[in-house]
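The values are calculated or read from the model by the stated rules, or taken from the named source; none is laboratory data. Just so you know, these numbers come straight off a predicted model, no measurement behind them. With ideal geometry, Cβ positions are generated from the backbone for all residues, glycine too; neighbour counts draw on all protein chains shown.
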Amino acid sequence: MNKKVCKVLTLIVFISISFSHTTAATNATAEKEKVIYLTFDDGPSKLTPAVLDILKEYDVKATFFLIGNQIKGLEPIVSRIYNEGHSIGLHSYTHNISRIYSSSEVFINEMSKTQEEIFKVTGTRPNILRFPCGSIRRLNIPFLNEIHKHNFKIYDWNAYMSDGENAKASPEKFYREATETTVKLHPIILLMHCDYGHKNTIVALPRVIKYYKDKGYDFKTITEDTPEYYFPIKRK
């Protein structure tokens, strides 16, 4: 698999940018409503069904940002994600960082190829995407305009497990990060992973879900109607 491990940038001020939707009033409303989006990157993999089993057991939905070249041979898993009511997004075709960000044209092509692979399985072409390793220091106004020109919408995160940094860290660490350490803004968009090495993420997941259920959170999926959320844009 031609893929580099992403290092989550912890020293970031997470800002929700949605020029037509995000205001102090709507942020206050969102916090009062206690909304959380569970999101999983880097699937599908043979571990993804274990995530789906937990989501089904707890009757919550999530959003899966898929890598296009991993779909072949795992089509039943993608079908299950779709058929069980979860949302599917684009996470590039190769996850090859140096290639993906070599030009906006390559980036768009990677997302479009993944869109077509998902269409072959589900009959739908999702337009929500997540930058591999996040949009920080990669997104600028011309790039954003090009992405929007192709009707794609961007979703970073404002809370995370560091499983993308060290998949073998303890489930307790992941639970603490997902419920306390990294949670700063609302609604919560929680980054997790369901690639082949993320067994401890699966161990932590039930406790994370139970925590937010007990706190009265509403579990939602990211769709094209969800206001975009991306890191601060490069101005030059």
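For (1) over 14 Å from the mean Cα position of the chain (by Cα); (2) not β-branched (Val, Ile, Thr), each residue gets a yes or a no:
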position: Gly43; (1), (2): no, yes
position: Thr63; (1), (2): no, no
position: Ile67; (1), (2): no, no
position: Arg80; (1), (2): yes, yes
position: Asn83; (1), (2): yes, yes
position: His86; (1), (2): no, yes
position: Tyr93; (1), (2): yes, yes
position: Ser102; (1), (2): yes, yes
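Has segment 60-75 got at least one residue that is modelled with pLDDT of 95 or more and closer than 19 Å to Ile136 by Cα?
yes
Among the numbered conditions (1) outside any helix (DSSP H, G or I); (2) more than 13 Å from the chain's Cα centre (by Cα); (3) not charged (D, E, K, R), tell me where Asn145 comes up short.
Failed condition: (1).
When you check Val35 against the structure, is it at pLDDT 95 or above, more than 14 Å from the chain's Cα centre (by Cα), more than 23 Å from Glu117 (Cα to Cα) and of a type in the set (Val, Ile, Thr), yes or no?
It is true that Val35 is at pLDDT 95 or above, more than 14 Å from the chain's Cα centre (by Cα), more than 23 Å from Glu117 (Cα to Cα) and of a type in the set (Val, Ile, Thr).
Out of the residues in segment 144-167 meeting the condition of being out of contact with any Gly (no Cβ under 8 Å at 6 or more places or on another chain), aliphatic (A, V, I, L, M) and more than 17 Å from Asn109 (Cα to Cα), tell me which one is surrounded by the fewest Cβ atoms within 10 Å (Cβ to Cβ).
Ala159
For the structure I just gave you, tell me whether Ala159 is within 12 Å of the chain's Cα centre (by Cα), modelled with pLDDT of 95 or more and small (Gly, Ala, Ser).
yes
Could you tell me whether Phe174 is over 24 Å from Ile128 (Cα atoms) and either assigned to a loop (DSSP other than H, G, I, E, B) or modelled with pLDDT of 95 or more (or both)?
Taking the combined requirement at face value, the residue satisfies it.
Restricting to segment 175-222, count the residues that are crowded, with 24+ Cβ neighbours inside 10 Å and hydroxyl-bearing (Ser, Thr, Tyr).
1
Scan segment 162-181 and report the pairs whose first residue is under 13 Å from Val203 (Cβ atoms) and whose second residue is part of a loop (DSSP other than H, G, I, E, B), with Cβ atoms within less than 8 Å and a gap of 6+ or a chain change.
Every condition considered, the pairs that remain are Asp163/Ala169; Asp163/His198; Ala167/Asp195; Ala167/Gly197; Ala167/His198; Lys168/Gly197; Phe174/Met161; Ala178/Met161.
For the structure I just gave you, tell me whether Ile141 is in contact (Cβ under 8 Å) with a residue 24 or more places away in the chain and surrounded by fewer than 20 Cβ atoms within 10 Å (Cβ to Cβ).
Against the criterion (in contact (Cβ under 8 Å) with a residue 24 or more places away in the chain and surrounded by fewer than 20 Cβ atoms within 10 Å (Cβ to Cβ)), Ile141 qualifies.
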